[in-house]
């Protein structure tokens, strides 16, 4: 094991140029993947913010009894899809309209009677913010006798649904394509490293080295290159994130777990690439 | 030790590299393998170290049957052999000492014993003073000595030398040849492929000659027959 480790490390010393090239290739392949990952997580964040605003509003008939309304509020909060339900009285609604609709303040001042109905505003739990669930909750709320009308912006929620589906599909397809390209490029780089040492491999075999013994330093070396490449990729992504934040728009970066996952993915590709390359090489000669 | 019985070896693209070759090299023996380029000397060598398998016939080397050998057994056979080539096959980015140590390391030898064993064989081939030199800093003869030290470090029962003096000038040739004789004198069998007939005539060793893949002369067999025929 000691020897394996030494041989793996020595390669960096003996073939510094090719080693740097491998790490750089892995780094940039993963960087492209990482940038795409950043786009995806920021898009998801944006979608999530929009989703937060999905709500179902039930407008109540004038003079709805207080006790019944309070009971209904409790019932609605007990729905499995519901995150929160808030009662907005007629006065609250008017106060809010005054605050929000500045242009109409004068009109509001002159009102003799409050024209706004009381309402119950319902927010849904994440995962239930799609057309089907929203419609189902709205339908149930219509069942209360003192409810006049229920609104939830069906068109808008449907659009959100489609956008979500599209984002997921693009994310998977483009992400997979980037990942495949990264794997191919990294595999080729590692194959070069193996070919560069084919003479050494031949000599190792002549003096009686087992295939396992020959393979091990390559695997370790591949994993180390992948690991370093992954770290550089995360570093580059972070630099890109800082630049975007400063000059373009406020965005989110990977969580710690996601960053670790990228580095681990690099190590895994490095390991896999060398396993395949060395295996093929040993089989052929 | 090494036994070929009716060995045929076909080239991948047709034609025969070896035709019905049979011979036996005993423990501790020194045998020359001679013949022109392309006569099949290297093929015989490759069969001995299991780089190739015979197309038919049987090859046995220190207890292993090369015909039936599993791939995982090949390294074990090679650790019992020392192999030396015309082009030395040293690793350019390692010192003489590291090149020799390499052959021990791959066998999983304990690191505490490696240094001493490496120094001993380097001394034996007369290169102890140049242990830290890289191959490019050594002459051809010296590089071949490093290769021989590497071949010896595992204490092989047979040393295979495929044209070991082919790239060397006359003086280096004599030195390397004397080294091989000394190694043989200490009990290691040596099979040396060469087309240098001067070398062959110098020494009273067995000669096996190949011509176009066929064994045409074996001094051990032919001399015995001549003696039997003599009145």
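Miscellaneous remarks
- Hits in segment B:185-207 (condition: closer than 18 Å to residue B:168 by Cα and part of a strand (DSSP E or B)): B:192, B:193
- Criterion: surrounded by fewer than 17 Cβ atoms within 10 Å (Cβ to Cβ) and either assigned to a helix (DSSP H, G or I) or in contact (Cβ under 8 Å) with a residue 60 or more places away in the chain (or both) - qualifying residue of A:175, A:222: A:175
- Where strands (runs of 3 or more DSSP E) sit wholly within segment B:1-80, those with at least 1 residues that are within 14 Å of chain A (Cβ to nearest Cβ) and in contact with a strand residue (DSSP E or B) (Cβ under 9 Å, 6 or more places away or on another chain) occupy B:56-61.
- Search result, residues across segment B:39-53 that are over 15 Å from the mean Cα position of the chain (by Cα) and crowded, with 21+ Cβ neighbours inside 10 Å: B:39
- Verdict on residue B:83 being touching a helix residue (DSSP H, G or I) at 6+ places or on another chain (Cβ under 6 Å) and part of a helix (DSSP H, G or I): no
- On the stretch given as segment B:219-231, residues that are more than 20 Å from residue B:163 (Cβ to Cβ) and within 20 Å of the chain's Cα centre (by Cα) total 1.
- Some residue of segment B:126-136 being away from every other protein chain (no Cβ under 14 Å) and without any contact (Cβ under 8 Å) to a residue 24 or more places away in the chain: yes
- Residue match in segment A:63-79 (condition: over 39 Å from the mean Cα position of the chain (by Cα) and under 30 Å from residue A:194 (Cα atoms)): no
- Only a single item in (1) within 30 Å of residue A:214 (Cβ to Cβ); (2) outside the structural domain of residue A:221 (by TED's automatic domain parsing) is not met by residue A:192, and it is number (2).
- Options A:38, A:30; residue that is touching a helix residue (DSSP H, G or I) at 6+ places or on another chain (Cβ under 9 Å), assigned to a helix (DSSP H, G or I), more than 14 Å from chain B (Cβ to nearest Cβ) and closer than 25 Å to residue A:165 by Cβ: A:38
- Restricting attention to segment B:93-118 and to residues that are more than 9 Å from every other protein chain (Cβ to nearest Cβ) and exposed (fewer than 15 other Cβ atoms within 10 Å of the Cβ), the residue that is farthest from the chain's Cα centre (by Cα) turns out to be B:112.
- Exclusive hit being under 12 Å from the mean Cα position of the chain (by Cα) and either outside the structural domain of residue B:105 (by TED's automatic domain parsing) or surrounded by fewer than 23 Cβ atoms within 10 Å (Cβ to Cβ) (or both), set B:159, B:179: B:159
The values are calculated or read from the model by the stated rules, or taken from the named source; none is laboratory data. Since the structure is predicted, the reported quantities are computational estimates derived from the model, not experimental observations. Note that each Cβ is placed from the backbone with ideal geometry, even for glycine, and that neighbours are counted across all protein chains shown.
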